[in-house]
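The values are calculated or read from the model by the stated rules, or taken from the named source; none is laboratory data. Keep in mind that this is a model prediction, so the values were computed, not measured. Because the Cβ atoms are built from the backbone with ideal geometry, glycine has one as well, and the counts that use them run over all protein chains shown. When the accessible area is computed, the model is the full protein with side chains, heavy atoms only, and any ligands, DNA or RNA have been set aside. Shrake-Rupley method; radii C 1.70, N 1.55, O 1.52, S 1.80 Å.
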Amino acid sequence: MTNQPNPNPQAANEHETAPEQQPISPRKALVGVALVLIVLAVLAGIGILRRWNANKVLADMTTQLAAPTVIVAAPKPGAPVDNFVLPGNVTSYTDSPIYARTSGYLTRWYFDIGARVKKGALLAEIATPEVDQQLAQAEADVNTAQANANNARIQADRYTGLVQSNAVSRQDTDTFVNQATSTAAQVRSAQANVQRLHDLQSFEKVYAPFDGVITARNVDTGQLIDPGAGKELFHLQAIQTLRVYANLPQIYSANVKRGTKIDLTFAEHAEKIYQGTLVRTADAIDPASRTLLVEVDVDNRAGELLPGSLAQVHFKTPSAGPTYIVPAGALIFRREGLRLGVVVDGNKAHLVPVVIGEDDGASVQIVSGINGGDKVIQDPPDSLIEGEKVYVESPGAKTDAGGK
């Protein structure tokens with residue numbers, strides 16, 4: 001049996017219908033949405049992790065590239081004897097202003113600045129007419145008092161003899177005896193006043209109290225002179241021996257001894273070395289500067305040195321402990337004090353507080369703060385901070401910030 005073709009296919013198709021489809025359940029729809037969201041979240045997390053990792057790698061690379069490259073070297077051991085130089089203030093052995101002790105007018109002065117005078121030399125004369133007149137009056141008062149005392153003594157002696165025979169009363173006798181005692185006291189008082197005026201009159205002449213040189217003259221002929229410390233007449237300094245004062249750091253205070261010979265140099269005598277003697281110390285540390293004041297006396301009979309000048313005092317003391325020498329450029333000046341940069345843990349900077357001793361400009365003596373095995377950063381950057389990673393470069397060894 002063969003199938004015959006349908007003579008009207010369009011009519012047949014009009015009677016055909018689409019197959020029925022079952023609706024998607026809500027549960028399956030929720031599961032699908034959830035899967036889509038999970039996939040999106042995973043993709044977003046992967047992107048975030050990749051970006052975070054890239055940022056971390058970039059930050060690490062930036063930190064490594066920002067780490068400064070430094071050169072380190074071990075400090076050199078210092079000498080067992082410390083040779084250091086301190087500035088010293090030169091003063092005269094005796095320094096005295098000279099004032100007037102009486103009032104009047106300056107009639108004459110005999111020495112000007114720079115004059116060398118001996119003790120007792122007459123420096124100036126002062127005219128004191130008022131004192132002269134007062135002295136004359138006081139001497140007359142002494143004569144009057146002596147006359148009154150003599151008369152009272154005679155009367156007392158007379159009444160003392162008469163009272164034995166009851167010729168006069170004992171009361172009158174006692175009166176004349178007391179009067180004699182009183183007038184004798186008046187004589188002594190008048191004589192003391194005369195002596196006072198004699199002393200004032202002796203101050204009309206101004207004398208040098210010691211051997212020295214006149215360094216100042218502040219008066220001239222005809223000037224009115226007032227007694228006291230209101231106006232200095234002359235300034236006298238003894239320069240045969242000079243005192244040189246220096247402030248010794250506390251760390252050396254136990255090593256200086258009285259009688260030690262100390263070398264002194266002066267800028268105006270660059271090629272000559274003067275020798276002084278350490279004669280005394282303050283025996284107390286100045287709490288403001290933590291230094292010990294020492295005095296060095298130097299012979300100046302040749303007159304080559306001048307008081308008021310600046311001396312370089314050369315000290316030699318046994319080292320109080322191990323010291324080390326580092327370049328001056330290794331020092332870091334911070335607000336909290338001097339620091340040295342050392343490398344620890346292979347690649348980290350550590351700022352160590354130090355105390356310096358001698359400083360010759362090119363190198364510095366470190367008396368405390370570092371050890372011989374420390375790796376001292378030679379030329380630290382100004383921006384170096386505590387704990388900062390650094391590239392370390394030293395002769396024969398190179399390491400990077402990561403310790404490679």
Relative contact order in percent for region 86-216 (Cα pairs under 8 Å, 6+ apart) equals 43
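Which percent of the accessible area of region 178-266 is formed by carbon and sulfur heavy atoms (probe 1.4 angstrom)?
Answer for region 178-266 is 50 percent, counting heavy atoms of protein chains only.
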Nearest-0.05 FRET efficiency for residue 334 and residue 210, computed from C-beta distance (R0 41 Å): 0.20
Please give the solvent-accessible surface of residue 188 in Å², to the nearest 10, using a probe radius of 1.4 Å with every protein chain present. 150
Strictly over 29 Å apart at the Cα level, which of 119/231; 261/375; 56/389; 119/257; 272/316; 272/375 would you flag in this model? 261/375; 119/257; 272/375
Could you order 99, 159 by accessible surface area, starting with the largest, using a probe radius of 1.4 Å? 99, 159
Peptides 222-229, 39-46, 366-373, 237-244: what's the order by average Cβ count within 10 Å, highest mean first? 237-244, 366-373, 222-229, 39-46
So for R0 = 25 Å, FRET eff. of residue 344-residue 56 from the Cβ-Cβ r, to 0.05, ends up at 0.45
Provide the gained length on full extension for the span residue 49 to residue 256, in nm with one decimal, where the gain is 0.36 nm per separating residue minus the Cα-Cα distance. 67.5 nm
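How large is the accessible surface per residue of the chain, computed with a 1.4 Å probe and reported in Å² as a whole number? Please list the in-between numbers first.
On the way: 25620 Å² over 404 residues.
Each residue of the chain exposes 63 Å² on average to a 1.4 Å probe.
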Only Cα pairs under 8 Å and at least 6 apart count here; give the relative contact order of the chain as a rounded whole percent. 23
